[in-house]
1. Under 6 Å by Cβ, and 6 or more places apart or on different chains, what pairs join a residue from the stretch 41-63 that is over 14 Å from PHE210 (Cα atoms) with one that is among the β-branched types (Val, Ile, Thr)?
2. Going by the conditions given, is GLY54 among the small types (Gly, Ala, Ser), part of a loop (DSSP other than H, G, I, E, B) and closer than 16 Å to MET103 by Cα?
3. Quick one: in the stretch 141-188, of everything that is touching a Ser or Thr at 6+ places or on another chain (Cβ under 6 Å) and free of Cβ contacts under 8 Å to residues at least 24 places away in the same chain, which residue is nearest to PRO107 (Cα to Cα)?
4. Given the structure, is LEU213 crowded, with 21+ Cβ neighbours inside 10 Å and closer than 18 Å to GLN150 by Cα?
5. Which one of these does LYS126 not meet: (1) of a type in the set (Lys, Arg); (2) at pLDDT 95 or above; (3) farther than 24 Å from GLY217 by Cβ?
6. State yes or no: is GLY221 in contact (Cβ under 8 Å) with a residue 40 or more places away in the chain, over 13 Å from the mean Cα position of the chain (by Cα) and surrounded by fewer than 21 Cβ atoms within 10 Å (Cβ to Cβ)?
7. Scan the stretch 134-193 residue by residue and report those that are of a type in the set (Phe, Trp, Tyr) and not in a strand (DSSP E or B).
8. Only residues that are in a loop (DSSP other than H, G, I, E, B), crowded, with 17+ Cβ neighbours inside 10 Å and not small (Gly, Ala, Ser): list them for the stretch 57-70, please.
Amino acid sequence: MTVTRREVVKATLAAVAAGALLPRVPATAAAEELKMPDNVPANTFDFEAKGIEGWTTVDGQWAVEDMAGAPSGKKVLVQRATKNEFNVVVAPPGPYTDVDVSMKFKPISGREDASGGIVFRFTDGKYYVVRANALEDNFRLYYYDRGRRQLATAKVKAPELGQWHTVRVVAVGDHMQAWLDGKLYLDHRDSRVRSGRVGLWTKADSITAFDDLTIRGVTGGR
């Protein structure tokens, strides 16, 4: 049977079109989820009985406030400084090598930025941060050492202003994964910092509330 050139082209285009209709699987869908050992204890901060005594404020105006609709209880931690490049506060426990950290955040306002993030492996002013921004449709992992370097990014639906959202990050060795509202978006490897403490983060004019910071970590390092 003779096949014409036109028929070959039509068949090729049909195959391409059919492939375009197949569901696209995110790169992270195939990643095996990182897990901490079951016996690793958890530190939880809901800011009900205790404020941020013992925490380290690197930059920003951080204070515990009453807030209606808080995820647990009535109190949350709020960052209200609007003129710093980045605002960071670091929790007392640690340092940790491997960690599983989650927190809830509510972006309240911001024209330049309306974000919330988890700082991990904070040591000597260096750290990693995974953050979401209500003004942008991306979810990103950065490394900071006197300046930010983007390590990984994913396209997401921007978190809504005035609503609570959940960010989680797990770091085991040089392997890091991050979730936004229960969905795994980022899977990356980086070995610049191996241990450090955990904290919270905002940028620029973000006014952001935080609650239910939970840290499960393996202590070690400095």
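1. Note: pairs meeting the criteria are ALA42/THR214; ASN43/ILE215; TRP55/VAL89; THR56/VAL90; THR57/VAL89; VAL58/VAL88; ASP59/VAL88.
2. Working: among the small types (Gly, Ala, Ser): yes; part of a loop (DSSP other than H, G, I, E, B): yes; closer than 16 Å to MET103 by Cα: no.
No.
3. Ranking the candidates gives ASP181 first.
4. Values: crowded, with 21+ Cβ neighbours inside 10 Å: yes; closer than 18 Å to GLN150 by Cα: no.
No: the conditions fail for LEU213.
5. LYS126 satisfies all of (1) of a type in the set (Lys, Arg); (2) at pLDDT 95 or above; (3) farther than 24 Å from GLY217 by Cβ except (3).
6. Numbers: in contact (Cβ under 8 Å) with a residue 40 or more places away in the chain: yes; over 13 Å from the mean Cα position of the chain (by Cα): yes; surrounded by fewer than 21 Cβ atoms within 10 Å (Cβ to Cβ): yes.
It is true that GLY221 is in contact (Cβ under 8 Å) with a residue 40 or more places away in the chain, over 13 Å from the mean Cα position of the chain (by Cα) and surrounded by fewer than 21 Cβ atoms within 10 Å (Cβ to Cβ).
7. Going residue by residue through the stretch 134-193, those that are of a type in the set (Phe, Trp, Tyr) are 139, 142-144, 164, 179, 185.
TRP164 - this is the single residue of the stretch 134-193 that is of a type in the set (Phe, Trp, Tyr) and not in a strand (DSSP E or B).
8. Within the stretch 57-70, the first condition is being in a loop (DSSP other than H, G, I, E, B), and the residues that meet it are 60-61, 67-70.
The next check asks that each one be crowded, with 17+ Cβ neighbours inside 10 Å; those that pass are 60, 67, 70.
Once the filter is applied, which keeps residues that are in a loop (DSSP other than H, G, I, E, B), crowded, with 17+ Cβ neighbours inside 10 Å and not small (Gly, Ala, Ser), the stretch 57-70 yields only MET67.
The values are calculated or read from the model by the stated rules, or taken from the named source; none is laboratory data. Keep in mind it's a predicted model, so treat the numbers as computed, not measured. Heads up, the Cβs are rebuilt from the backbone with ideal geometry, glycines too, and the neighbour counts pull from every protein chain shown.
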